[in-house]
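Single-structure report; data block below.
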Amino acid sequence: MYFDTHAHLDNQQLSPIVEQVVQRAAAAGVSRMTAIGTDVPTSVRCVEITEQFEHVYAAVGIHPTVCQNFVADEVWPAIVEMASHPKVVAIGETGLDLHWETSTFELQKNWFQRHIDLSFETGLPLVVHMRDCETEIVTMLEQAAVAGRIIGIMHSFTGSAETARRCLKLGMYISFAGMVTFKKSDELRSVAASIPDDRLLIETDAPYLSPHPLRSKRPNEPSYLVHTAACLADVKNISPERLGAITTANARRVFQC
Ligand SMILES: [Zn+2]
């Protein structure tokens, strides 16, 4: 049994057919998943979806690539309130993104810190997005760790072994998405091989980037997680069942669900 730790079930390609999506996932052995919000309306929708399905959980937050659209005083109280919902198991999606440059880095850091503080207050783990900012993000997490215990997930990890090592040292979990299955991802697979069993997670990041061999299929959906699981089982030289048991136990530990 698998746990998809990161799926945007609120997405317009998945939300209208969420019942079939969750059903297909269950049929494929993906029995649990966390729906990830990226702003207030999508977080609200994710929470709504959790109320429909026993083993679907939610994360609430404001994504670094859209944070420039919001005034913190106006939207943050809603995120804080949702964080106390019993099916909300994480804070995010948050993090830093120097790829799209949709907002200034200062503004992104400000929002990221806000999520870190809420994680400290609630005890819920962070769901961290990192793109083209490995040094900056690890530095910020290490600085934050002075004020409290960082708990969280580096989601859809594509960083270096060194970045992974520093995140692990902070106590974080490392989650791999479809990218790890791609032909050219030998280096990323070797990073995955270096992650201790008790910190490894898997995800689809649906509806984005379907795993090989379904790469041309869109949208990506949680049932496709089995392909990423098979790839990582191969990397770890264990059976997919064992990989599933290990990563599901890890997900349930970090999400406390
Ligand atoms: Zn995401």
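Here are the numbers:
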item: Neighbour count of at most 11 Cβ within 10 Å plus DSSP loop: longest GluC sites (Glu not before Pro)-free window in the chain; result: 102-257
item: Whole-percent carbon and sulfur share, accessible surface of the chain, 1.4 Å; result: 50
item: Extension gain from His85 to Asp234, taking 0.36 nm per residue of separation minus the Cα-Cα distance; result: 49.9 nm
item: Normalised per residue, the volume of the convex hull around the Cα set of segment 3-75 (Å³); result: 85
item: Chymotrypsin sites (Phe, Trp or Tyr not before Pro) lying in DSSP loop within segment 39-77, provided at most 16 other Cβ fall within 10 Å; result: Phe70
item: All Cα pairs of segment 1-132, percent lying beyond 26 Å; result: 21
item: Computed FRET value (nearest 0.05) for Glu142 with Ser216, which takes r as the C-beta separation and R₀ as 35 Å; result: 0.30
item: Heavy-atom SASA rank of Lys87, Lys109, Lys183 (probe 1.4 Å, accessible area, largest first); result: Lys183, Lys109, Lys87
item: Loop sites in segment 216-257: trypsin sites (Lys or Arg not before Pro), DSSP, at most 15 other Cβ within 10 Å; result: Lys217
item: Charge context of Glu134, other residues only, Cβ under 10 angstrom, K/R +1, D/E -1; result: -1
item: Segment 84-151, accessible area per residue, ligands and nucleic acids excluded (1.4 Å, Å²); result: 45
item: Diffusion constant of segment 180-225 at 37 °C, which comes from Stokes-Einstein with the Kirkwood Cα-pair radius and 0.692 mPa s, µm²/s; result: 285
item: Dimensionless Rg ratio for segment 113-257, taking C-alpha atoms and the 2.2 N^0.38 Å reference; result: 1.02
item: Surface/4 estimate of mean projected area, convex hull on alpha-carbon atoms of segment 111-160, nm²; result: 3.3
item: Net charge, Glu203 excluded, C-beta distance under 13 Å - Lys, Arg +1, Asp, Glu -1; result: -3
item: Computed helical MRE - 222 nm, the chain, DSSP H runs ≥ 4 contributing -39500 (n - 2.57), nearest 500; result: -13000 deg cm²/dmol
item: Where Rh is the Kirkwood radius over Cα pairs, Rg/Rh for segment 170-248; result: 0.95
item: As computed over the chain, the Cα convex hull volume per residue (Å³); result: 112
item: Set of lysines with alpha-carbon distance to Lys236 below 29 Å, sequence-local pairs under 8 removed; result: Lys169, Lys183, Lys184, Lys217
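The values are calculated or read from the model by the stated rules, or taken from the named source; none is laboratory data. The structure presented is a predicted model; accordingly, all values stated were derived computationally and were not measured. Because the Cβ atoms are built from the backbone with ideal geometry, glycine has one as well, and the counts that use them run over all protein chains shown. To get the accessible areas, we keep the full protein, side chains included, count just its heavy atoms, and leave off ligands, DNA and RNA. Shrake-Rupley method; radii C 1.70, N 1.55, O 1.52, S 1.80 Å.
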